[in-house]
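Right, one structure below, let's go through it.
The values are calculated or read from the model by the stated rules, or taken from the named source; none is laboratory data. It should be emphasised that the depicted structure is a prediction, and the values quoted were computed from it without experimental measurement. All Cβ positions, even for glycine, are placed from backbone atoms using ideal geometry, and neighbour counts span all protein chains on display. Calculation scope for accessible area: heavy atoms of the full protein, side chains included, ligands and nucleic acids excluded. Shrake-Rupley method; radii C 1.70, N 1.55, O 1.52, S 1.80 Å.
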Amino acid sequence: MMDFRVGFGYDSHRFAPDRPLVIGGIVIPYELGLAAHSDGDVLIHAVCDALLGAAGLKDIGTYFPDNDPAWKNVDSTKLLTKVVELVSEKGWKINNLDCTLILEKPKMKPHIDAIVNKLSELLGVESDRVAVKAKTNEKMGFTGAGEGIAAVAAVSLVR
Ligand code: MG
């Protein structure tokens, strides 16, 4: 009998000067980055929480606490690789990932394919199992005001 799970993740980070903007493991040319203990990769953090949640594991902060110097400015793709290992140790195979970025700027369209390819590589799945969208928040709320970026992610797992 096939076992099937769905997981959901959310993250947000505030814009900050003098930091690279890293989204989905790709450096995006922009005048601001995201404030964080890690590299601030808001999309990868949402994906990690979706995977962990689907596998019945704890949240990203449990495995990579933001007061641990080991994770200072860490490349979040390393965190995702570790999360994929944890999920696969429980016998789960990633079926698909669907995620959305919410931001006013920068325009993400030119970078979506690169992000999809990076995420599919990190997850070890074909690129047609990964979808990445970006939308504005119609100038409403913190994302609409350009204070930061939010990301949501849904994954399904099978075993
Ligand atoms: Mg985060």
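Apply the Karplus parameterisation 6.51 cos²θ - 1.76 cosθ + 1.60, with θ equal to phi minus 60°, to every residue of the range 103-108 and state each ³J(HN,Hα) to the nearest whole Hz, in sequence, with x for glycine and proline.
6, 7, 9, x, 5, 9
Once you charge only the Cβ atoms, +1 for Lys and Arg and -1 for Asp and Glu, what is the size of the charge dipole of the chain about its Cα centre, to the nearest 20 debye?
Result for the chain is approximately 220 debye, rounded to the nearest 20.
Hey, in the GNM for the chain with a 10 angstrom Cα cutoff, which one of D98, D75, D18 fluctuates hardest?
Largest GNM mean-square fluctuation: D18.
Could you tell me the number of lysine pairs in the range 4-158 with C-alpha atoms less than 15 Å from each other, where the two lysines are 8 or more residues apart or belong to different chains?
14
By the scheme Lys and Arg +1, Asp and Glu -1, what is the net charge of all other residues having a beta-carbon under 14 Å from that of A145?
Residues near A145 contribute 0 overall.
Can you give the calculated 222 nm mean residue ellipticity of the chain, where each DSSP H run of n ≥ 4 adds -39,500 (n - 2.57) and the sum is split over every residue, rounded to the nearest 500 deg cm²/dmol?
Calculated mean residue ellipticity at 222 nm is -8500 deg cm²/dmol.
Starting with the highest mean, order 45-51, 19-25 by the number of other Cβ atoms within 10 Å, averaged over the residues of each peptide.
Packing proxy ranking, top to bottom: 45-51, 19-25.
Mind listing the phi-derived Karplus ³J(HN,Hα) values for the range 18-31, rounded to whole Hz, using 6.51, -1.76 and 1.60 with θ = phi - 60°, and x for any glycine or proline?
With coefficients 6.51, -1.76 and 1.60, one gets 6, 9, x, 8, 10, 10, x, x, 10, 7, 9, x, 6, 6 Hz.
Under a point spin-label approximation (7 Å from Cα along Cα-to-Cβ), what is the K93-Y10 distance to one decimal in nm?
Using points 7 Å along Cα→Cβ, the separation is 3.2 nm.
For helix 112-123, what angle does its Cα long axis make with the longest principal axis of the chain, in degrees from 0 to 90 and rounded to 10?
Once rounded, one gets 40 degrees.
Please report the net charge: other residues with Cβ closer than 13 Å to the Cβ of N73, K and R +1, D and E -1.
Once positives and negatives cancel, what remains is -3.
Rounded to a whole number, what is D in µm²/s for the chain from Stokes-Einstein with the Kirkwood radius over alpha-carbon pairs (4 °C, 1.567 mPa s)?
83 µm²/s
How charged is the neighbourhood of Y63? Take every other residue with its Cβ under 12 Å from the Cβ of Y63, and add Lys/Arg as +1 and Asp/Glu as -1.
-2
Kindly sort S76, S127 by accessible area of their heavy atoms, largest first, with the probe set to 1.4 Å.
S127, S76
Can you list residues from other chains, or at least 5 along the same chain, whose modelled amide H is less than 5 Å from the amide H of L21?
I28, Y30
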